[in-house]
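Structure, as structure tokens:
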Amino acid sequence: MKFLWPQVLWCLLAVPLLVAGYVYWLRRRKKGAVRYSSLDVVKAAIGPGDRIRRHLPPALLLVALIAMIFAVARPTALVTLPSEQQTIILAIDVSLSMGATDVDPNRMTAAQIAARSFVDERPPNARIGIVAFGGNAALVQPPTDDKEKLIEAIDRFELQRGTATGSALYVALATLFPDAGIDLEALTFPGGFYGGTSSRKLEPRAKTPPKPFKPVAPGSNTNSVIILMSDGRRTTGPDPLDAAKLAADRGVRVFTVGFGTAAGGLIGFEGWSVYVRLDEETLKAVADITRAEYFNASTSAELKKVYRNLNSKFVLERKNVEITSLVTMGAALLVVLALGLSLWWSSRNLR
């Protein structure tokens, strides 16, 4: 349990003082009581049960006071709740290495089958967008809950040269935060299309200044998620770790999926053979930076299992929820119980 206003808990230091004051009051009352010729007769008349009942209402009031102090401190608890409206961006590698046949029939076909399965079993309150990346990254389907559009976008994948993993993350973030002023042009081509040494640079364009941004805790955004699937290492574009830090500042988790066998594989292109190998180190780092998880899948069946596991994570989510009202209700019930017991026992003694 955590508290939004923990400084209020200093009031708990008054509890021992109240207990000491109650004990002092009992002793003063005892001294001022009428002196009987035999106190044993009085003790026998009261009995052990009556002595306990005398102190129960004050004890309940004390517990109620403690509960009220906790309530004022605004307690929170980590609970599991059904997920709210989410936007999930699938960023899928379509580089030439996805044509490798170490996964039957090939990596690209297996990835498409698994992605379709993810769309079919998507969380009920989730919109899904699709980013495809090879030598560059593009949003091939804006976030939607239309399953047919998503399937059509997945079926249109075409292999490209290069692997721009960082660009894929920047495009996904710009899709999740369209009003955040994320400059894809500057992030993806920091030196211009022709490199930093050329005199030909991208012409600056007039843009609306972005709203002031304050970084949040990594992983704190429960409404936006990126799933990045890749089978190789970055060959072009910005560093994916820099993009992961931007995602972490916005609280977005980036779940990464490494697809392909550990040994890697050969692909053929225009008479050339190229050996491709999975860059697990970078994918794990991206997931760690954003407080997400890395998954490895070396077969089509394993990739389907990974997507199914991710779907189950998004149906229910764990989050800190303020429980001030519950604690206040408990304190009120204790007060009512203490007053009720006190009146009941008093009326019985008067009979």
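With a simple spin-label model that places each label point 7 Å from the Cα along the Cα-to-Cβ direction, the separation between L17 and T328 comes to 2.5 nm.
Of the residues I154, I113, the one with the largest accessible area comes first in the ranking I113, I154, computed with a 1.4 Å probe on protein heavy atoms.
What is the spin-label model distance, in nm, from R29 to L56 if the labels are put 7 Å beyond Cα along the C-beta direction? In this crude spin-label approximation the distance works out to 1.6 nm.
What order do you get for 165-175, 279-289 when each peptide is scored by the mean count of other beta carbon atoms within 10 Å, highest first?
Details: 165-175: 26.3, 279-289: 18.6.
Ranked by mean Cβ neighbours within 10 Å, highest first: 165-175, 279-289.
Across the accessible surface of the stretch 82-141, with the other protein chains kept in place and a 1.4 Å probe, carbon and sulfur atoms take up 46 percent. Could you tell me which of rounded, prolate or oblate describes the stretch 93-151, using a ≥ b ≥ c as the square roots of the eigenvalues of the alpha-carbon gyration tensor, with rounded for a/c under 1.5 and, failing that, prolate when a/b is larger than b/c and oblate otherwise? The shape class here is oblate. For the listed peptides 11-19, 93-101, 299-307, 240-248, a ranking on the average number of other beta carbons within 10 Å per residue, highest first, reads 93-101, 240-248, 299-307, 11-19.
The values are calculated or read from the model by the stated rules, or taken from the named source; none is laboratory data. Keep in mind that what you see is a predicted model, and the values were worked out from it rather than measured. Glycine also receives a Cβ, built like all others from the backbone with ideal geometry; neighbour counts cover every protein chain displayed. When the accessible area is computed, the model is the full protein with side chains, heavy atoms only, and any ligands, DNA or RNA have been set aside. Shrake-Rupley method; radii C 1.70, N 1.55, O 1.52, S 1.80 Å.
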